[in-house]
1. What 222 nm value per residue comes from the helices of the chain, counting each DSSP H run with n ≥ 4 as -39,500 (n - 2.57) and dividing by all residues, nearest 500 deg cm²/dmol?
2. What distance in nm separates the simple spin-label points at T76 and E18, each placed 7 Å from Cα in the Cβ direction?
3. Kindly write out, for the stretch 324-337 in residue order, the coupling ³J(HN,Hα) from the Karplus curve 6.51 cos²θ - 1.76 cosθ + 1.60 (θ = phi - 60°), rounded to whole Hz, with x marking Gly and Pro.
4. Please compute the length gained on full extension between T321 and F171, using 0.36 nm multiplied by the number of residues separating them and subtracting their Cα-Cα distance.
5. Using packing as a proxy for protection, rank 132-144, 53-65, 209-221, 312-324 so that the peptide with the highest average count of other Cβ atoms within 10 Å comes first.
6. Give, as a single signed number, the net charge of other residues whose beta carbon lies under 11 Å from the beta carbon of D314, with Lys and Arg counted +1 and Asp and Glu -1.
7. Taking neighbour counts of Cβ atoms within 10 Å as a proxy for exposure, in what order, fewest first, do I128, I347 appear?
8. Give the long-range amide H neighbours of L315: residues separated by 5 or more places, or on another chain, with amide H under 5 Å away, using H modelled in the peptide plane at 1.01 Å from N.
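Derivation of every value follows stated rules applied to the coordinates shown; laboratory data play no part. Model, not experiment: these values are computed from the prediction. Cβ placement follows ideal geometry from the backbone for every residue including glycine, while neighbour counts extend to all protein chains displayed.
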Amino acid sequence: MRWDTDPKMDRFDPKRGEKTMMAVVTAGNGGYDRLQCRVVALPQPGPGEVLLQVLAAGVNNTEINTRIGWYSSSVTTATGEAAAGGEEQAVERPDGGWNEATPFPFIQGTDCCGRIVAVAPGGDEGSIGARVLVRACMRQTGFHAMDNIWMGSDFDGAFAQFVKVPAREVFAVDCGWSDAELATIPCAYGTAENMVRRCRVGRGDHVLVPGASGGVGSAVVQLAKRRGATVTAIAARAKMERVLAIGADQVLDREASVVDSLGANAVEVVIDNVAGPAFGDLLQVLRQGGRYASSGAIGGPLVTLDMRTFYLKDLQLIGCTAWDEPVFPDLISYIEGGELQPLVAKILPLAQIAEAQRQFLDKKHVGNFVLIPPPVEQ
C-alpha cells in the first residue's frame with residue numbers, strides 16, 4: 001500500500017505548507033479495501049490535550065470488529081466469519097460501533113506507545129519527551145459513571161505517525177521494554193485486568209481462561225497468577241506449551257469437552273472472551289456462587305443460556321467494558337515492577353495493516369501483533 005493524499009480529508013491543503021502526517025484511514029464498514037494509507041492533517045492539541053508521536057501501535061479484535069460493523073445487532077456470527085463476509089460486500093451498519101455511529105472516515109488504533117512531542121498552551125511542558133502509554137478506555141464524566149469512549153473506535157487513534165489525546169489519559173512508563181512490547185499492553189491487558197479485578201480473583205481461586213493464547217487471554221493468565229490463583233487455560237494443541245510458559249498451571253485442548261476434562265463445579269471463576277457454542281459448558285464447570293466475566297465473544301455473540309444453571313447455582317455474570325479507575329495505573333506499576341512479560345507475536349510496518357489483520361484472524365499466533373508507523377522526518 002502506498003501513501004496517498006486523502007481526497008475526503010479536505011480540512012487541509014499540503015500545497016499551502018500545512019503540517020501533515022501519514023495515517024491509515026478506515027473509510028467505512030467493509031473489507032480490507034476500507035483501510036487506506038493516506039496523508040492527512042497533523043492533529044493539533046487543544047486545551048487539556050497532548051500530541052504524541054506514535055512509536056508502536058497494537059492490533060486488536062476491536063479494530064476489525066469496528067471496521068466490519070460486528071457490534072451491530074444484525075451480526076450474529078463469530079468475528080472471523082463476519083470478517084470473511086466483509087470482503088465480499090461492504091454493508092454500512094449504523095449501530096456497528098462501540099457507542100453511537102462509528103465516525104467514518106477516521107483513524108483506528110486502540111493501543112498506543114508514544115512519546116509526548118507537544119502540549120497545548122498552558123500544558124505541562126516538562127512532560128515533553130516522556131515515553132507513555134495511553135489509557136484507551138476513557139470515562140469522560142468520571143469513574144462514578146459507566147459511560148465510556150475508546151480511542152480508535154470513537155475518535156482518531158494510533159494507526160498514524162501522531163495522535164492527540166487528553167493529557168490525563170497518558171501514563172509515563174519507566175522500564176526496559178521495547179516500544180513494540182509496550183504497545184501490546186493497553187487494550188488487552190487493560191481489559192484483562194478489569195475482568196480479573198471485577199471477579200475479585202485471589203489466592204485460592206481456580207480460574208478457567210478460554211482463548212488463553214490471544215492477547216486478552218494470555219494477559220488474564222498472567223494477571224490471575226500474580227494474584228495467587230490457580231489457572232487452567234484452554235488453547236489449541238499447537239499453542240499449549242507457550243501458554244504453560246507464561247504461567248498457566250494446566251492447559252486443556254480447545255477441541256476437548258471442558259466438562260469432561262474438569263468435571264462439573266470445578267472452578268470459582270471463568271474469564272471468557274470466546275463465548276459461542278461452549279458458553280453453556282463454561283457455566284457447568286463453575287461452582288456454586290461462581291463468577292463469569294466477559295468482554296468479548298470472538299467465537300460468536302449469540303449463546304444458549306439455561307436459566308436454571310444460572311439461578312440455581314447463584315452465579316454472577318459480569319459484563320466488562322468500562323475500565324475501573326485503578327486498572328491502568330496498576331498495570332503501569334506491574335510493568336515497572338517486572339511482574340508481567342510481553343508477548344509480541346509479530347511486528348509489521350503500518351502500511352501492511354491489512355496483512356497484519358489477515359494473519360491476526362488466522363489465530364495461529366500467541367500474544368499480540370504490533371504495527372510501526374513510518375519514521376518522522378526531522
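1. -6000 deg cm²/dmol
2. According to this spin-label approximation, the distance is 4.6 nm.
3. Coupling constants for the stretch 324-337: 6, 4, x, 4, 6, x, 5, 4, 4, 5, 5, 5, 5, x Hz.
4. Values: separation 150, 0.36 × 150 = 54.00 nm, distance 2.02 nm.
Answer, rounded to one decimal: 52.0 nm.
5. Per-residue mean Cβ counts within 10 Å order the peptides as 209-221, 53-65, 132-144, 312-324.
6. Working: positive: R287, R291, K313; negative: none.
With Lys, Arg at +1 and Asp, Glu at -1, the neighbours total +3.
7. Sorted ascending by nearby Cβ count, the order is I128, I347.
8. Under 5 Å from the amide H of L315: G289.
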